[in-house]
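Engineer: Sharing a structure below in structure tokens format, with a few things to ask.
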Amino acid sequence: RSDRSQILAAFVDLSQGLGAISLWGALAREEFMQRYSRTMFGALWAIGSFMLWSLAISFFFGALSSIDGQAFTLYVVVGFLVFSYITSTVNEGCNVFLSARRWLQSANLPVSIFVFKDVARGLINFAFSLIAAIILLFIFGYRPELDDLWAMAGLVMLPVNAVWVTLLFGVISADQRD
């Protein structure tokens, strides 16, 4: 096939995959619930673990920092929120096609469904972490300002970029296994 037809096939796959939101949305929810089903607290563990880690780092390193404790906690909470989303996107992107191997071999589905599923599952995790971050920020006295709307624009760009990052690392990892 020519380069032009391969590019067209890729865009068709992405379009069909995006259109199958009910499928990849259900798969993402199922994987998220399955991940936390064996814990006593269930999905609340996602909130609790984020809060515990953020508080531990804030108290431990905040004592060593010359920055005000309230400001330091803000940096830690927001930084950890974004960092954990980016690292999970890259890590899970490396396995996106390997973990979907059986689906890909047995069903005639667009490959991008599994990319969108991973991004959606990451967004579910991110939403729980965001709830924890908002709780912590208000506990430590943070009050939103008008300039914070720029941060919201940046948060919207995270899942948009997660699609191509997951696709890129998935293709590289599927081709170059350990």
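The values are calculated or read from the model by the stated rules, or taken from the named source; none is laboratory data. Just so it is clear, the structure is predicted and the values come from calculations on it, not from any experiment. Reconstructed Cβ throughout: ideal geometry from the backbone, glycine too, with neighbour counts over all protein chains shown. Please note that ligands, DNA and RNA were not included when accessible areas were found on the heavy atoms of the full protein model with its side chains. Shrake-Rupley method; radii C 1.70, N 1.55, O 1.52, S 1.80 Å.
Engineer: Could you look at the chain and say what percent of its accessible area is carbon and sulfur, using a 1.4 Å probe and all protein chains?
Structural biologist: Working: 7700 of 11420 Å².
C and S atoms contribute 67 percent here.
Engineer: Given a 10 angstrom Cα cut-off, can you work out which residue in Ser88, Ser112, Ser65 is the most mobile in a GNM of the chain?
Structural biologist: Ser65
Engineer: To the nearest 0.05, how large is the calculated FRET efficiency for Leu104 and Ile172 if R₀ is 22 Å and r is the Cβ-Cβ distance? Show your work: numbers first, answer last.
Structural biologist: Details: r = 17 Å, r/R0 = 0.76.
FRET efficiency, Leu104 to Ile172: 0.85.
Engineer: Here is a further query. Normalised by the empirical 2.2 N^0.38 Å for globular proteins, what value does the Cα Rg of the range 1-159 take? Before the final figure, lay out each step's value.
Structural biologist: On the way: Rg = 19.2 Å, N = 159, 2.2 N^0.38 = 15.1 Å.
Here the answer is 1.27, to two decimals.
Engineer: How big is the gap, in Å, between the Cα center of the range 109-178 and the Cα center of the range 64-97?
Structural biologist: 11 Å
Engineer: Mark the label point 7 Å from the Cα of Asn91 along Cα→Cβ and return the residues of the range 22-37 whose backbone N is within less than 19 Å of it.
Structural biologist: 28-29, 31-37
Engineer: Taking only Cα atoms and a 10 Å spring cutoff, compute GNM fluctuations for the chain and point out the largest among Leu146, Leu52, Leu168.
Structural biologist: The residue that fluctuates most here is Leu146.
Engineer: What are the membrane-span-like helices in the chain by this rule: whole DSSP H runs, Cα extent along the axis at least 15 Å, mean Kyte-Doolittle hydropathy at least 0.0?
Structural biologist: Values: long enough: 3-19 (24 Å, 0.33); 21-36 (23 Å, -0.16); 44-64 (30 Å, 1.80); 69-94 (37 Å, 1.07); 112-139 (40 Å, 1.94); 149-175 (40 Å, 1.69).
Both cut-offs are met by 3-19, 44-64, 69-94, 112-139, 149-175.
Engineer: Moving to a separate point now. I want to check the label-to-label distance for Tyr36 and Asp147. Put each point 7 Å from Cα in the C-beta direction and report it in nm to one decimal.
Structural biologist: 3.3 nm
Engineer: Enter the accessible area per residue of the chain (Å², integer; probe 1.4 Å; all protein chains in place).
Structural biologist: Working: 11420 Å² over 178 residues.
For the chain, the solvent-accessible area averages 64 Å² per residue.
Engineer: Suppose the chain between Ser49 and Ala63 were pulled fully straight at 0.36 nm per residue; how much longer would it get relative to their current alpha carbon spacing?
Structural biologist: On the way: separation 14, 0.36 × 14 = 5.04 nm, distance 2.13 nm.
Contour length minus Cα-Cα distance gives 2.9 nm.
Engineer: Once label points are set 7 Å from the Cα along Cα→Cβ at both Phe83 and Leu18, what is their separation, rounded to one decimal in nm?
Structural biologist: Going by the 7 Å Cα→Cβ label model, 3.3 nm.
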